[in-house]
1. For the range 213-245, how many residues are on the phi < 0 side of the Ramachandran plot and either of a type in the set (S, T, N, Q) or in contact with a Ser or Thr (Cβ under 8 Å, 6 or more places away or on another chain) (or both)?
2. Examine the range 38-58 for a residue that is within 22 Å of Arg209 (Cβ to Cβ) and either modelled with pLDDT under 90 or in a helix (DSSP H, G or I) (or both), and state whether such a residue exists.
3. Arg362 is checked against (1) exposed (fewer than 14 other Cβ atoms within 10 Å of the Cβ); (2) closer than 22 Å to His149 by Cα; (3) charged (D, E, K, R) and fails just one. What number does that condition carry?
4. In the range 297-346, which residues are touching a Leu at 6+ places or on another chain (Cβ under 7 Å) and on the phi > 0 side of the Ramachandran plot?
5. Considering only the range 282-289, I want to know if a residue exists there that is among the small types (Gly, Ala, Ser) and modelled with pLDDT under 95.
6. Restricting the range 179-204 to residues that are over 18 Å from Gly288 (Cβ atoms) and surrounded by fewer than 23 Cβ atoms within 10 Å (Cβ to Cβ), which is nearest to the chain's Cα centre (by Cα)?
Amino acid sequence: MIVLALNSGSSSLKFGLYRVDADAQRDAAEPLRAGQLDTIEDLAQRLAAVNGLTPQAIGHRIVHGGPVLRRHVVIDDAVLRHIEAASPFAPLHTPAALAIIAHSRATFPGLPQVACFDTAFHATLPDAARVLPIPRALQAQGIQRYGFHGLSCESIVAQLARELPQGLPERVLIAHLGNGASVTAVKAGRSIDTSMGLTPGGGLIMGTRSGDLDPGVLIHLLRCNGGNAAALEAMLSRRSGLLGISGLHSDMRRLHEAESSHADARLAVRMFCVAVAKQLAAMATVLGGVDLIVFTGGIGENDAPVRAAICDALGWFGVALDADGNQRGRAAISAATSSCAVRVVASQEDTQIALHTARLLRGPLR
């Protein structure tokens, strides 16, 4: 099956075209074509120019399925209604994703389409992680910890299980660091805690998102803004995080360039690294120890100084990097003396979308 994977983030639209083959052991997705998109029409033109690359199905990354959609599903009108109802939980992502689904249905009429949810991987969270410290009656409204970057975490778990000689370690910490950032604790292949909460705005400092804040800050800001929730949401989602701290930029690369001459750029980088280290240490407690730390995402995969600063802050419990391996961007970057392994693994969200799409459309025979 040839599957088109559409991956819409808060600030990008990517696509991957895959041939998914099934065998007795596992499915395998072979990438045929990938890139960045401006519009779905742009994609249709690109595919029309290449013979033999006609998709048979389309898979979409959907950040939030709300309390109802906790598994990847074939899209129909009822599914679209549930996704739309969950839009308030991911206002930066879901409206754009719904527009992309509508465009792709119009551009590729008749093709089956699948919704792959970032929250699905975290459906295994135990109550101690899932339940928020608010009145229980609010649980009925779907207010709980959902967790995100699930497709990325799935792809990391699958790669580790496939590629490491000893298989998937028991206790894994995944630091997905990019414009959005999160840390997930994985035990025996299952998510047991994660830093993001009800929405993708929780947890770590991010590019333009604040991450976790004292609730008193939010109450104070609402009072000062005359109860304007929309203005507060825009500030916390689009003007905070690295951008808010530095006053310069949300892109870590630009902040590195400015560090030598700009104190607030240095502060933003430092705060980000400390926040990640603190979250990794907290998740290590949840796991009862750590066998492997994985860095992934745009920053996690490419920013050696950030990885070094985070691991240096974790040196108190024995994490140590191979400085040369880290600088060169090798896959295994921990020193021989490190208390746990540290690796850099590329996120393969699009591959997971393709695999889930093919599996769902094959039906119960698989």
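The values are calculated or read from the model by the stated rules, or taken from the named source; none is laboratory data. If you're wondering where the values come from, they're calculated on a predicted model, not measured in any experiment. Cβ sites come from the backbone with ideal geometry, for glycine too, and all protein chains shown count toward neighbours.
1. 10
2. Checked against the condition, which is being within 22 Å of Arg209 (Cβ to Cβ) and either modelled with pLDDT under 90 or in a helix (DSSP H, G or I) (or both), the range 38-58 yields no hits at all.
3. Against the list (1) exposed (fewer than 14 other Cβ atoms within 10 Å of the Cβ); (2) closer than 22 Å to His149 by Cα; (3) charged (D, E, K, R), Arg362 comes up short only on (2).
4. Gly297
5. Within the range 282-289, not a single residue is among the small types (Gly, Ala, Ser) and modelled with pLDDT under 95.
6. Taking the candidates together, the pick is Asn179.
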